[in-house]
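Coordinate-derived values only; no laboratory data. Just so we're clear, the structure is a prediction, and the values are computed from it rather than from any experiment. Reconstructed Cβ throughout: ideal geometry from the backbone, glycine too, with neighbour counts over all protein chains shown.
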Amino acid sequence: MVKTLFFFSSLLLLLVSHSSQEPEPEQFPSQAHAELIHHGFPIGLLPSSVLNYTLNHTSGDFIIDLGDACKITLPPDNYLATYSKKVTGKIVKGRIAEIDGIRVRAFFKWWSITGIHSSGENLIFEVGMVTTKYPSKNFDESPACEGRHSSS
């Protein structure tokens, strides 16, 4: 009886500890995508072509290296967005600030996205003093850069 009880309690502890862990980084296109999840954001905020990622865990400052400029179409309104070869900013739980390197075309003009924060089921994008809200689920998948050929 004691062996059976020990076995079931060990199994229960194993299942609880395994289910509470965040997904393993290799399940994502890059470590940068895993960091997005860790900070409460969907992976689709970054294109799948991240080559390198640096994060200062103390300050939250990050640098993302895409290797080349990248163009994607953002859901749901099909806005054209461009990512510079390097994207920088500061990330903390639920907030990305001081973003440099992401621009979106809307109303016949290019606008820099300067911040993003998570608000429940929504993402709030900051373009200077203006904000716009979109459902987080629109960014569940990491898009490929348009016009790039896959190296695989």
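The table below gives the values:
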| read-out | value |
| --- | --- |
| In Å, descending, principal axis extents of the Cα set of the stretch 68-117 | 30, 24, 16 |
| log10 of Debye I(q)/I(0), alpha-carbon scatterers only, for the stretch 49-146 at 0.16, 0.21 Å⁻¹ | -0.70, -1.26 |
| Estimated FRET transfer efficiency when R0 is 41 angstrom, pair residue 58-residue 107 (beta carbons, to 0.05) | 0.60 |
